[in-house]
Amino acid sequence: PYDLDRVEILRGPQGTLYGAGSMGGLIKYVLKAPSTHNLEAAVGAEAMMIDGAGNLGYTYRARVNAPVIEDVLGVSFSVFGKTTPGYMTNQYNGLRDTNKNRQYGARIAALWTPSSELSVKLTALTQTIEVDDLALRQFANSTAVANKDGAVIVAPTAPLPAFTENVAFLAPFNQRTNFFAATVDWNAGPFDVVSATAWSSQRTFYE
């Protein structure tokens, strides 16, 4: 999305700032902060084609930043969406393009700077992923590979042509992520006090 400002690759350990799960380092996506003095707008779209798919895929994204109160309050809003066409055919019922998937979401952010010593930044982000069919394969047996640290060779229940499955029931997948954050930065003379609070949820459903 157009909200992306930069990507940082931080060498580990990073446990002090980012928790115990970042001992080896982390990849940090930094989003753009709203501007309190610049009016900005961007919009874009693209189309894609996947070999074997019956339809084209497309992506769209847009972002608007508006200074509501010059040098005091700025608000930015962005939306994005992507549809990837399916290319699998289900021999069981003849359905085509069963593994089509969609991703879409939005972000709104506000920056309030009532004085040179105080700033408040609020962010809300949501994203949804919808997949009609994960196109999972079932296997009849597996054979361990010697001296390969537990690697196995798996054999499918019935070899099928490429981009083909044979299932009575599709395996849909849906996931929604919500994220909210608030950061308060107060420069109180010789001290700089920062409060950062965030809440996120993720709900996943699949068959």
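The values are calculated or read from the model by the stated rules, or taken from the named source; none is laboratory data. None of these values were measured; they are calculated from a predicted model. FYI the Cβ positions are ideal-geometry reconstructions off the backbone, even for glycines, and counts take in every protein chain you see. The protein model used for the area step is the full one, side chains on, heavy atoms only, and it has no ligands, DNA or RNA in it. Shrake-Rupley method; radii C 1.70, N 1.55, O 1.52, S 1.80 Å.
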For the chain, state what percent of all Cα-Cα pairs lands in each successive 10 Å bin, counting from 0 Å until the bin that includes the largest distance.
7, 20, 25, 23, 14, 7, 3, 0
Surrounding net charge for THR128, when Lys and Arg each add one and Asp and Glu each subtract one, Cβ distance under 12 Å:
+3
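Given only helices, namely DSSP H runs of n ≥ 4 each adding -39500 (n - 2.57), what is the per-residue ellipticity at 222 nm of the chain, to the nearest 500 deg cm²/dmol?
-500 deg cm²/dmol
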The chain accessible area per residue, 1.4 Å probe, protein heavy atoms, integer Å², reads 66
Which value, in debye to the nearest 20, describes the size of the charge dipole of the chain about its Cα centre when Lys and Arg Cβ atoms bear +1, Asp and Glu Cβ atoms bear -1, and nothing else is charged?
360
Apportionment of accessible area to carbon and sulfur, the chain, percent (1.4 Å)
59
Could you give the nm distance between label points at TYR18 and ASN38, where each point is 7 Å from its Cα heading toward the beta carbon?
2.6
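Give me the net charge of LEU17's neighbourhood, meaning all other residues with Cβ under 14 Å from the Cβ of LEU17; Lys, Arg count +1, Asp, Glu -1.
Working: positive: ARG11, LYS28; negative: GLU8.
Here the count lands on +1.
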Dipole of the chain, positive direction: furthest Cα of THR183, THR113, TYR18, with charges on the beta-carbon:
TYR18
When Lys and Arg each count +1 and Asp and Glu each count -1, what net charge do the other residues less than 15 Å away from ASP97, Cβ to Cβ, add up to?
-2
